[in-house]
Amino acid sequence: MLTYNKNLKQRAQELRDNMTDAEKCLWAKLRMRQLNGIMFYRQTPIGEYIVDFYCPKAKLAIEVDGGQHFTNETAEYDRIRNEYLNSVGLRVLRFTNEDVLKRINSVAEKIESEL
């Protein structure tokens with residue numbers, strides 16, 4: 001079982017309550033076992049991080065990245081974060097907001113291929 005920081009529980013709830021448009025769009029495709037009948041969770045604390053979407057059965061974390069993820073500082077943070085998630089046995093898929101909002105069917109197909 002993955003560990004998480006219990007102090008992140010409230011922040012995860014806040015993120016679920018205030019999802020971005022891209023996160024809402026992807027959640028509409030993931031929720032209620034719509035992809036291959038597999039359960040996803042949103043804004044899930046894992047270790048010291050909160051992943052946008054998590055599928056325990058496939059050991060898959062999905063991140064939806066806005067423009068702030070394209071700075072050098074944030075790219076380094078994301079690299080360290082990915083290394084941690086990989087170290088606990090998770091694969092990480094990253095999509096941009098634009099990918100999700102403009103090419104949701106392609107995003108869903110990519111996720112299905114990873115399941």
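Bear in mind these aren't lab numbers, they're just calculated from the coordinates by the rules spelled out. Remember, it's a predicted structure, so these values are computed and weren't measured experimentally. All Cβ positions, glycine included, derive from the backbone under ideal geometry; neighbour counts span all protein chains shown.
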Note on the chain, DSSP bridge orientation, antiparallel percent to nearest 5 equals 55
What length, rounded to one decimal in nm, is gained on full extension from Arg33 through to Lys110, with 0.36 nm per residue of separation minus their alpha-carbon distance? 26.1 nm
From the helices alone, meaning DSSP H stretches of at least four residues, give me the mean residue ellipticity at 222 nm for the chain, per-run term -39500 (n - 2.57), in deg cm²/dmol to the nearest 500. -13500 deg cm²/dmol
What list of ³J(HN,Hα) couplings, whole Hz, do you get for the stretch 88-105 from phi and the Karplus terms 6.51, -1.76, 1.60, once you set θ to phi - 60° and write x for glycine and proline? 9, x, 9, 8, 10, 10, 10, 10, 7, 3, 4, 4, 5, 6, 9, 9, 4, 5
Name the long-range amide H neighbours of Arg94: under 5 Å, sequence gap of 5 or more, or other chain; modelled H, no Pro or chain starts. Glu63
The chain, relative contact order in percent, only Cα pairs under 8 angstrom and at least six apart counted: 26
Select one label from (i) 0.93; (ii) 1.16; (iii) 1.00: the one whose number is Rg/Rh (Cα atoms, Kirkwood Rh) as derived from the coordinates shown. (i)
Considering the options Pro56, Cys25, Val100, tell which one lies farthest towards the positive end of the dipole of the stretch 6-114, charges being +1 on Lys and Arg and -1 on Asp and Glu at the Cβ, about the Cα centre. Pro56
Amide H to amide H, which residues 5 or more places from Tyr4 or on other chains are under 5 Å from it, using H placed in the peptide plane? Gly47
Under 16 Å from a label point 7 Å along Cα→Cβ of Glu83: give me every residue in the stretch 14-48 with its amide N that close. 48
